[in-house]
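Beneath this line is the structure, given in structure tokens, with notes to follow.
Values quoted throughout were computed directly from the atomic coordinates according to the rules given, and no laboratory measurement underlies them. Note that the structure is predicted; figures quoted are calculated from it, not measured. Using ideal geometry, Cβ is built from the backbone for each residue, glycine included, and neighbour counts are taken over all protein chains shown.
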Amino acid sequence: MYIIRDNSELLAATLAEKRAGRSIGVVPTMGYLHAGHMSLVEACRKACDFVIVTDFVNPTQFGPNEDFDVYPRDEAHDLALCAKAGADLVFLPSSEGLYPNGAKSTWLEVGYMGQIYCGVTRPGHFSGVVSVVAKLIHLCRADFAFFGEKDYQQLAVVRRMVEDLCIPCEIVGLPTVRESDGLAMSSRNTKLSADARLEARVLYAALMAVKAAFDDGCRDSKELLWIADTEIMRAPSAEIQYIALADPVSLEALTDTLPDSVQMLMAVKIGGVRLIDNLRLEVI
Ligand code: AMP
């Protein structure tokens, strides 16, 4: 497995793969890898000839008062997991390498889809995400890029960016990997105290309660949001940032009577740790 930190070395390696006629897949991550990330690497391994994992805590997607400095990092652990999963190359760039012009760099701007939901409490977050994802797709010369539905808004925003900028890379979305009690796996779960970890089960409970009502025929958005709210507020430390019922592609909020396919999205702080989750509600 190649371990590369330098842009020009990566470009040389990916050019060689392209010239050999091999398909290239990339799995962009911020490291501290867990089974959720590895499900993306495994899917990439199945679909592509050459598998690249990028491991970079991207500073431009963190706000000034967010957890960039204390975001968990463990390079040795990440490399061991990538080798085990059969990755061909891990790219570990530096901030200077990806942002050689610092604050004077060129940025991508995200429209409406980046300003709603997580974009409200994290202004500029999605601009940072798509700016780095575009660079990584180009450096990897990726035919395919793999993302988790766990970060559903991010997946939708990246799909829109690739379409809007005519980037010839297929975006593949994969299901959320969960702990046995339903909590979505996340690098940030390690920050939950023992009590908060127990409380965090309300997110999945809320998704399941809403799904049960939707499957029973309820299409009243207010009623479904009330069900979710009630479940979440069972956790004493819960602070709801948003709970939304949205169009799965445009992410526009759906009100009143719901259609047959709806994405439920939420961000909730539990014990001071911000958690996100989502679920598709669908008539099958
Ligand atoms: P992160 O390192 O948190 O930026 O995540 C890197 C990629 O892994 C993103 O596409 C995430 O959506 C995906 N991911 C993170 N957690 C999970 C999970 N529990 N299940 C599936 N994919 C995930």
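Descriptive notes on the structure:
- GNM result for the chain, Cα springs below 10 Å: residue of Cys218, Cys44, Cys118 fluctuating most strongly: Cys218
- Cα gyration tensor shape of segment 1-115, rounded if a/c is under 1.5, else prolate or oblate by comparing a/b with b/c: prolate
- Degrees between helix 125-140 axis and first principal axis of the chain (Cα, 0 to 90, nearest 10): 30 degrees
- Here's the picture: charge each Lys and Arg Cβ at +1 and each Asp and Glu Cβ at -1 in the chain, and of Ala196, Cys48, Thr255 the one pushed furthest to the positive end of that dipole is Cys48.
- Amide proton proximity set for Leu174, modelled H, under 5 Å, gap of 5+: Phe147, Gly148, Glu149
- Computed 3J(HN,Hα) for segment 205-213, one whole-Hz value per residue from the Karplus formula 6.51 cos²θ - 1.76 cosθ + 1.60 where θ = phi - 60°, is 4, 5, 4, 5, 5, 5, 4, 4, 5, glycine and proline marked x.
- 17 Å Cα-Cα reach of Lys18 towards aspartates and glutamates, excluding residues that sit fewer than 8 places from it in its own chain: Glu9, Asp49, Asp88, Asp143, Glu170
- Taking the square roots of 5 times each eigenvalue of the Cα gyration tensor of segment 151-282, largest first, gives ellipsoid semi-axes of 25, 21, 12 Å.
- Shape annotation for segment 44-99: C-alpha extents along the principal axes are 39, 22, 18 Å, from largest to smallest.
- Between Asn101 and Met1, the contour length at 0.36 nm per residue exceeds the Cα-Cα span by 33.0 nm.
- Relative contact order (percent, whole number), segment 17-113, Cα cutoff 8 Å, 6+ residue spacing: 30 percent
- ³J(HN,Hα) computed for each position of segment 60-66 - Karplus, 6.51 cos²θ - 1.76 cosθ + 1.60, integer Hz, glycine/proline x: 6, 9, 9, x, x, 9, 9
- Helix-only CD estimate at 222 nm, as mean residue ellipticity for the chain, using -39500 (n - 2.57) per DSSP H run (n ≥ 4): -11000 deg cm²/dmol
- Degrees separating the helix 75-84 axis from the principal Cα axis of the chain, which is the longest one: 90 degrees
- Overall, segment 74-174 carries a charge dipole of about 200 debye about its Cα centre when +1 sits on the Cβ of Lys and Arg and -1 on the Cβ of Asp and Glu, all other atoms neutral.
- Summing Cβ point charges (Lys, Arg +1; Asp, Glu -1) relative to the Cα centre of the chain gives a dipole of roughly 520 debye.
- Most to least packed among 34-40, 95-101 [average Cβ atoms within 10 Å]: 34-40, 95-101
- For the chain, diffusion coefficient by Stokes-Einstein and Kirkwood Rh (Cα), 25 °C, 0.890 mPa s, µm²/s: 124 µm²/s
- Fraction of beta bridges assigned by DSSP in segment 53-211 that are antiparallel (%, nearest 5): 10 percent
- For segment 21-48, the residues whose backbone nitrogen is under 17 Å from a point 7 Å from the Cα of Leu165, taken along Cα to Cβ, are 26-29.
- ³J(HN,Hα), Karplus 6.51/-1.76/1.60, whole Hz, each residue of segment 186-192, x for Gly, Pro: 7, 4, 7, 4, 5, 7, 6
- When the charge dipole of the chain is built from unit charges on Cβ atoms (+1 for Lys and Arg, -1 for Asp and Glu) and taken about the Cα centre, the candidate among Ala87, Met161, Phe147 whose Cα reaches farthest toward its positive end is Ala87.
- Here the chain carries DSSP beta bridges of which approximately 50% are antiparallel, counting only pairs with both residues inside.
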